[in-house]
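S.K.: First, the structure itself, so that you have it in front of you.
The values are calculated or read from the model by the stated rules, or taken from the named source; none is laboratory data. Note that the coordinates shown come from a computational prediction; the quantities given were computed from them, not determined experimentally. Don't worry about glycine lacking a Cβ; one is built from the backbone with ideal geometry, like all the others, and counts go over all protein chains shown.
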Amino acid sequence: MTHIIIVGGGLAGLYASILAADRGAKVTTVFKGRGGLSISHGCIDVLDRSAPSRSLGSLPDHHPYQLAGKANLKDSISKFRDLMLRADYPFSGKLSKSVPILTALGSIKRTSFAPSGIARGYLNSDGPIVLGHFSGFRDFFPGMIQKRALKAGITIAKVIDLPLLEPPDRRDAYSTDYALLFEDSEWREEIIRMWRPLLPGVKRLGLPAVLGFQNHSEIHEDLEDSLGIEIFEIPTLPPSVPGLRIERILLRQAQALGATLIEGVSVIGRIDGRSRGKRVAGVVLHSTGRTIQLDADVVLLATGGILNGGLVAQQDHRIRESVFDLPVLHPASRSDWIGLSLFHRQAYASAGIRVNSHMQPLGLDEKPMFKNLYAAGGLLAGSDRSLEGSRQGIDLATAYCAINKALR
């Protein structure tokens, strides 16, 4: 049985863990902290274009999508949707078309695949939009959403104040607080009773994305059936409940398939001296008071980019890869790392390690450095995922490609 160590607990790392375990590998997934799902919108962005699949061919040859290939992107999304469907959290969408949705700040963003609760809020759907306001909820501002959406040509008919029971009384309420309250069926019944007389004539209601964690589909259906209206969720500011739903599903499924998860450790790579430096031997885990050495047949790095700890900016103007100290492609001058404004391309965001079409990290000679080392996700060079709107698509496609190559 092949033992694979996956370093990283974000979307790419957890998804790769499930793929590897499902193929019969022994999987150990190690990570220092939470990945980016808790601050994501909980959708799958492929490319910020009206027709993402048609735009893939225009990307540079070194872009992660080009290296992984369109077939791996398509298959990875299909597999991801199957995983979510089995957990009763279905996604809808098409690779050939992205659709506009509202954000918590009132801006309009395009995404390719969204959970059904968010997908009901696609702005090309029919029917006037009404927003619900929860008093005391600090991370959702429907008045601001209404004003900014109007500037983008989206009319929101009105905002309705909707009362809630028992929000925290000694601190601000977070989206996770409300999500847990909505899991309580008796609490939900009382909410429905209070809301029903406040919603005459409303056909389509937008709410902050707080309608439960584990039982979201049941809660969503219960509210729609009881109130007789269509309800859609709008992703909130972090912590993101839709992102946390995905994280919980992936964690549960990875563990159900036998993957071992080790959280809260720093990871340093080990080279196999017996292979004349052609293979990695595994990793060393460092935590408070102890050190653990793990041997592996394969190591996959899914540690993220410079904002996630996979890449570390140093005072000597060098960006260092954090596990094996692999060569990192980045601008030589630190003054060139940042664009002129937030709306320009940020060079640091495209920094990363170069890989081949097997997702093997390359050395300065453009040849694979180690036969059994792979990488995926935000660690890879060649894309500004935020500017492109390609973050989750790259995570899925490159993780899928890496596991296929590593366990072939």
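S.K.: What is the one condition in (1) farther than 18 Å from residue 247 by Cβ; (2) buried (at least 23 other Cβ atoms within 10 Å of the Cβ); (3) not assigned by TED's automatic domain parsing to the domain that holds residue 174 that residue 45 does not satisfy?
M.R.: Tallying (1) farther than 18 Å from residue 247 by Cβ; (2) buried (at least 23 other Cβ atoms within 10 Å of the Cβ); (3) not assigned by TED's automatic domain parsing to the domain that holds residue 174, residue 45 fails exactly one: (1).
S.K.: So residue 296 clears everything in (1) under 22 Å from residue 83 (Cβ atoms); (2) surrounded by 17 or more Cβ atoms within 10 Å (Cβ to Cβ) except one condition, right? Which one?
M.R.: (1)
S.K.: Here's something else I'd like to know. Could you run through the stretch 137-161 and say how many residues are more than 18 Å from residue 101 (Cα to Cα) and surrounded by fewer than 12 Cβ atoms within 10 Å (Cβ to Cβ)?
M.R.: Total meeting the criteria: 1.
The rows are residues; the columns are (1) over 30 Å from residue 131 (Cα atoms); (2) in contact with a Phe, Trp or Tyr (Cβ under 9 Å, 6 or more places away or on another chain); (3) without any contact (Cβ under 8 Å) to a residue 40 or more places away in the chain; (4) aromatic (Phe, Trp, Tyr).
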residue: 10; (1), (2), (3), (4): yes, yes, no, no
residue: 22; (1), (2), (3), (4): yes, no, no, no
residue: 30; (1), (2), (3), (4): yes, no, no, no
residue: 33; (1), (2), (3), (4): yes, no, no, no
residue: 52; (1), (2), (3), (4): no, no, no, no
residue: 82; (1), (2), (3), (4): yes, no, yes, no
residue: 87; (1), (2), (3), (4): no, no, no, no
residue: 94; (1), (2), (3), (4): no, yes, yes, no
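S.K.: Collect the residues in the stretch 350-391 that are closer than 18 Å to residue 272 by Cβ, outside any loop (DSSP other than H, G, I, E, B) and not hydrophobic (A, V, I, L, M, F, W, C), keeping them in residue-number order.
M.R.: Within the stretch 350-391, 361, 368, 374 meet the criteria.
S.K.: Continuing with this model, one more query. Pull out all pairs, ordered by first then second residue, where Cβ-Cβ is under 7 Å, the residues are six or more apart or on different chains, the first lies in the stretch 129-147 and is not assigned by TED's automatic domain parsing to the domain that holds residue 206, and the second is surrounded by 20 or more Cβ atoms within 10 Å (Cβ to Cβ) and aliphatic (A, V, I, L, M).
M.R.: Matching pairs, first to second residue: none at all.
S.K.: Going by what's in this entry, would residue 341 be described as among the hydroxyl-bearing types (Ser, Thr, Tyr) and either modelled with pLDDT of 90 or more or in contact with a strand residue (DSSP E or B) (Cβ under 9 Å, 6 or more places away or on another chain) (or both)? Please lay out each step first, then the result.
M.R.: Details: among the hydroxyl-bearing types (Ser, Thr, Tyr): yes; either modelled with pLDDT of 90 or more or in contact with a strand residue (DSSP E or B) (Cβ under 9 Å, 6 or more places away or on another chain) (or both): no.
It is false that residue 341 is among the hydroxyl-bearing types (Ser, Thr, Tyr) and either modelled with pLDDT of 90 or more or in contact with a strand residue (DSSP E or B) (Cβ under 9 Å, 6 or more places away or on another chain) (or both).
S.K.: Can you pull out the strands (runs of 3 or more DSSP E) entirely within the stretch 1-118 that have at least 2 residues that are in contact with a Cys (Cβ under 6 Å, 6 or more places away or on another chain) and on the phi > 0 side of the Ramachandran plot?
M.R.: none
Results for (1) in contact with a Leu (Cβ under 9 Å, 6 or more places away or on another chain); (2) hydroxyl-bearing (Ser, Thr, Tyr), shown as yes or no for each residue.
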| site | (1), (2) |
| --- | --- |
| 98 | yes, yes |
| 111 | no, yes |
| 117 | yes, no |
| 132 | yes, no |
| 136 | yes, no |
| 141 | yes, no |
| 146 | yes, no |
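S.K.: May I ask you to verify whether residue 209 is touching a residue at least 60 places away in the same chain (Cβ under 8 Å) and surrounded by 14 or more Cβ atoms within 10 Å (Cβ to Cβ)?
M.R.: The answer is yes for residue 209.
S.K.: Further question: Within the stretch 201-252, which residues are of a type in the set (Ser, Thr, Tyr) and not in a helix (DSSP H, G or I)?
M.R.: Matches in the stretch 201-252: 236, 240.
S.K.: How many of the residues making up the stretch 262-290 are buried (at least 16 other Cβ atoms within 10 Å of the Cβ), touching a residue at least 60 places away in the same chain (Cβ under 8 Å) and assigned to a loop (DSSP other than H, G, I, E, B)?
M.R.: Adding up the residues that qualify gives 2.
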